[in-house]
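Since the structure comes first, as structure tokens, the remarks are kept for the end.
The values are calculated or read from the model by the stated rules, or taken from the named source; none is laboratory data. Everything numeric in this text was worked out from a predicted model, so none of it was measured. Note that each Cβ is placed from the backbone with ideal geometry, even for glycine, and that neighbours are counted across all protein chains shown.
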2 protein chains.
Amino acid sequence: MDSSNVTPGLQEYLTSIYRLKKSGKKEIRIRDLAKERNVRLPSVTGAMKKLAKMNLVRYNRYGSVDLTEDGERIAEVLDRIERDFYLFLVDFLGVPEEKAREEACRVEHGINMDTAKRLVALMDYLSKCLPEEERRKIKEYIERRIEESQCNS
Amino acid sequence: MDSSNVTPGLQEYLTSIYRLKKSGKKEIRIRDLAKERNVRLPSVTGAMKKLAKMNLVRYNRYGSVDLTEDGERIAEVLDRIERDFYLFLVDFLGVPEEKAREEACRVEHGINMDTAKRLVALMDYLSKCLPEEERRKIKEYIERRIEESQCNS
DNA sequence: TCCACACGTTAGATAATCCTAACTTTCTAA
DNA sequence: TTAGAAAGTTAGGATTATCTAACGTGTGGA
């Protein structure tokens, strides 16, 4: 079972569970996921049924929800991709945090682990092998270009 | 009418029409779009009806298809975003072309024009302000990191 | 104890996107 | 000029993911 068999919608539920766990919540309930994903309760119930059938979550009627080992493995990868892309957007491209969060979330299901690793490698290189001075120049250059393009439209 | 009102599926039809036009095709038919998008004819018919209702394409039963001004404007933006992201993946991250094409296509609907512009600005900076030597190092660094990570898994 | 209310589920609807099967229109070549 | 092939449409159905409305569950406080 790898993440490509799981539809984007279900992937989002996996990462939501993963993050709630990481944030220290001991018991994750349908209600928590509904709030996290901004959907209604029945949508969550339906998704959990499907994920349980795929053995990616443990779930009992009227009970709590948890990731199986397979589910955790997939969620970890998806979470990592989204975080990497988010950092790239914010740290290197200067996209405002709020917008970057949304975009990283939408992009999470479109790029794969190999690409994410390449992105992280690029960021590492720019961070480690370029002097701080140079990184500042990059960011200034980007902002200048954005301002210019706004004048033209 | 801006692209955010148009569903991802319909956006894909717009960019397909746009590219066929740019490639020099004088008359675009339902069949051409079906081949381009790898879907069956009825899917295209349905999409064209919706796009025609939104005034983004001109379309007559059993006839040919063309973009309206509004449709062209949206398609242009989407096409630009996808191309920019594709070039970034291939030129800077070294993602294989085939994979990059798919990913750029999926990401096209997730990132917005401002982010795409920032990406292009970053690429321009790296191209213009770094010596060729340095760019080669970046690419080597990325490849090395990818190889390392493959050993660890 | 017991019931109110928050939590959860089921049933049924809607929307987007795709499909197949069957039909209609248009084009082309003998 | 006409019949068959190619192109296009319509009808109807599947899937994914969402919603609302109505019904079931379970538990903490009076």
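Within the stretch A:16-37, take every residue that is of a type in the set (Val, Ile, Thr) and under 15 Å from A:Glu72 (Cα atoms) and give me the one that is farthest from DNA strand D (Cβ to nearest atom). Ranking the qualifying residues of the stretch A:16-37, first place goes to A:Ile28.
Every condition in (1) within 30 Å of B:Leu119 (Cβ to Cβ); (2) surrounded by 18 or more Cβ atoms within 10 Å (Cβ to Cβ); (3) touching a residue at least 24 places away in the same chain (Cβ under 8 Å); (4) away from DNA strand D (no atom under 16 Å from the Cβ) is met by A:Leu89 except one, and the failing one is (3). Among the residues of the stretch B:3-28, those that are assigned to a helix (DSSP H, G or I), surrounded by 13 or more Cβ atoms within 10 Å (Cβ to Cβ), more than 7 Å from DNA strand C (Cβ to nearest atom) and modelled with pLDDT of 95 or more comprise B:Gln11, B:Tyr13, B:Leu14, B:Thr15, B:Ser16, B:Ile17, B:Tyr18, B:Arg19, B:Leu20, B:Lys21. Within 16 Å of DNA strand C (Cβ to nearest atom), more than 14 Å from chain B (Cβ to nearest Cβ) and in contact with a Gly (Cβ under 6 Å, 6 or more places away or on another chain): does that describe A:Val57? So A:Val57 fits the description; yes. Starting from residues that are more than 20 Å from A:Glu69 (Cβ to Cβ) and assigned to a loop (DSSP other than H, G, I, E, B), keep the ones in the stretch A:34-55 and report whichever is farthest from the chain's Cα centre (by Cα). Once the filter is applied, the top-ranked residue is A:Arg40.
When the stretch B:76-89 is examined, which residues are found to be of a type in the set (A, V, I, L, M, F, W, C), under 20 Å from B:Asp2 (Cβ atoms) and more than 12 Å from chain A (Cβ to nearest Cβ)?
B:Leu78
Results for (1) within 7 Å of another protein chain (Cβ to nearest Cβ); (2) within 23 Å of B:Tyr86 (Cβ to Cβ); (3) hydroxyl-bearing (Ser, Thr, Tyr), shown as yes or no for each residue.
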residue	(1), (2), (3)
A:Leu119	yes, yes, no
A:Leu130	no, no, no
A:Glu133	no, no, no
A:Arg136	no, no, no
A:Glu140	no, no, no
A:Arg145	yes, yes, no
A:Ser149	yes, yes, yes
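A:Glu98 passes every criterion in (1) within 11 Å of chain B (Cβ to nearest Cβ); (2) within 19 Å of the chain's Cα centre (by Cα) apart from (1). Here A:Phe92 fulfils each of the conditions (1) aromatic (Phe, Trp, Tyr); (2) at the interface with chain B (Cβ under 9 Å from one of its Cβ atoms); (3) over 25 Å from B:Lys139 (Cβ atoms) apart from (3).
Exactly one residue among A:Arg31, A:Arg61 is more than 19 Å from the chain's Cα centre (by Cα), part of a loop (DSSP other than H, G, I, E, B) and over 22 Å from A:Arg106 (Cα atoms), and that residue is A:Arg61. Scanning the stretch A:131-153 for residues that are closer than 15 Å to B:Leu130 by Cα and of a type in the set (Lys, Arg) returns A:Arg135, A:Arg136, A:Lys137, A:Lys139. Consider B:Glu97 carefully, then state whether it is modelled with pLDDT of 95 or more, of a type in the set (Asp, Glu) and either away from DNA strand D (no atom under 16 Å from the Cβ) or surrounded by 15 or more Cβ atoms within 10 Å (Cβ to Cβ) (or both). So B:Glu97 does not fit the description; no.
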